[in-house]
Amino acid sequence: MRISLIDDYEHLDEDVEYIIENILQENDNSGDFKKLEEEFYCILANSCDCIECKNEKCSHGGSYEIKNNKLLLKEARGCDDLIYECNENCFCSRSHSMCLNKLVQFGPHEGLEIKKFHDKGYGLITKEFIPKGTFICEYAGEVLTKNEAFKRDQLNQASNKMNYIFCLNEISMTSKDEKIQTFIDPSRKGNIGRYINHSCDANCEIISVRVDSIIPKISIFAKRDICAQQEITFSYGDVDANNKTKMCLCGANICKIYLPNISFS
């Protein structure tokens, strides 16, 4: 039985549809979309037959650990580590105490709040202390093909609209020369993650997590302790020296002046 994702947040803008996790873009009948559709709806074949999933025993384990009765991301992770959470084909318990490989699929952290800033629009803050390693929320929206992401990016630039499209770049485990790209757009349909602003000195990081699909969840984790009333931020990527178009307003001491641009290469 699949775990019910709990997300009680909502948008301030009624024109934006609130969705609790990724959905596919509308079918465009292209070959790229059909491949994307197959990946999105693919249930991962790897499952465990554990009664209790402890990190040193379960085939999925190794990414999370319990500290102060809270499930957190482990500090020591190799750059090639992949997070596969236990899925509906696994035999383990739904409880955190019995399975240490279910976290992102439960839904966003409680105590988050959308805030209007005077200089950069909306942002996301926390109303309570968040320890390092805590899962904050997923950056959820429409999963796009590369062609559709490019079209929307061009339209946003031409219309001078804010661009919410995020590109996750991963290196293939079978071929180091192959780059896997996942495009997520929460501009029309998305969750609370769409309000998280960029910072050149971000207090959160992006970790890709797979639950029951080849398509990863773009998961946001605290990379250091975050105090109550602080803004939640992550880095949108590196600044392209040849494409400096929008000013960065993060205010960090190490600010790179310009916002990163989406890469389609």
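The values are calculated or read from the model by the stated rules, or taken from the named source; none is laboratory data. Remember, it's a predicted structure, so these values are computed and weren't measured experimentally. Cβ: placed from backbone, ideal geometry, glycine included. Neighbour counts: every protein chain shown. Heavy atoms of the whole protein, side chains included, go into the accessibility calculation; ligands, DNA and RNA do not. Shrake-Rupley method; radii C 1.70, N 1.55, O 1.52, S 1.80 Å.
Could you list all residues from segment 145-162 that are surrounded by 16 or more Cβ atoms within 10 Å (Cβ to Cβ), assigned to a helix (DSSP H, G or I) and either touching a Lys or Arg at 6+ places or on another chain (Cβ under 8 Å) or touching a residue at least 40 places away in the same chain (Cβ under 8 Å) (or both)? Spell out how you get there, then give the answer.
Of all residues in segment 145-162, those surrounded by 16 or more Cβ atoms within 10 Å (Cβ to Cβ) come to 145, 148-149, 152-153, 156.
Keeping just the survivors that are assigned to a helix (DSSP H, G or I) gives 148-149, 152-153, 156.
Of everything in segment 145-162, those that are surrounded by 16 or more Cβ atoms within 10 Å (Cβ to Cβ), assigned to a helix (DSSP H, G or I) and either touching a Lys or Arg at 6+ places or on another chain (Cβ under 8 Å) or touching a residue at least 40 places away in the same chain (Cβ under 8 Å) (or both) turn out to be Glu148, Ala149, Asp153.
Residues to consider are Asn191, Asn169; find the one that is touching a strand residue (DSSP E or B) at 6+ places or on another chain (Cβ under 7 Å) and surrounded by fewer than 16 Cβ atoms within 10 Å (Cβ to Cβ). Let's see the steps before the verdict.
Details: Asn191 fails: surrounded by fewer than 16 Cβ atoms within 10 Å (Cβ to Cβ).
Criteria check complete, one pass: Asn169.
Identify the single condition in (1) without any contact (Cβ under 8 Å) to a residue 60 or more places away in the chain; (2) open to solvent by less than 20 Å² (accessible area, probe 1.4 Å) that Ile180 does not satisfy, given that it satisfies every other one.
For Ile180, the exception is condition (2).
Looking only at residues that are among the β-branched types (Val, Ile, Thr) and closer than 27 Å to Thr126 by Cα in segment 240-261, which one is modelled with the lowest pLDDT?
As a first pass, look at segment 240-261 and keep what is among the β-branched types (Val, Ile, Thr): 245, 254, 257.
When the remaining residues are screened for being closer than 27 Å to Thr126 by Cα, the result is 254, 257.
On the way: Ile254: 93, Ile257: 90.
Checking each candidate, the answer is Ile257.
Here's a check for you: in segment 239-261, which residue that is open to solvent by 40 Å² or more (accessible area, probe 1.4 Å) and closer than 23 Å to Cys137 by Cβ is nearest to the chain's Cα centre (by Cα)?
Leu259
Within segment 188-240, track down each residue that is assigned to a helix (DSSP H, G or I) and touching an Asp or Glu at 6+ places or on another chain (Cβ under 7 Å). Quick ask: steps written out before the conclusion?
Filtering segment 188-240 for residues assigned to a helix (DSSP H, G or I) gives 192-195.
Correct list: Gly193 only.
Go through segment 15-62 and give me each residue that's in contact with an Asp or Glu (Cβ under 7 Å, 6 or more places away or on another chain) and at pLDDT 85 or above.
Result: Tyr18, Ile20, Glu21, Ile23, Leu24, Gln25.
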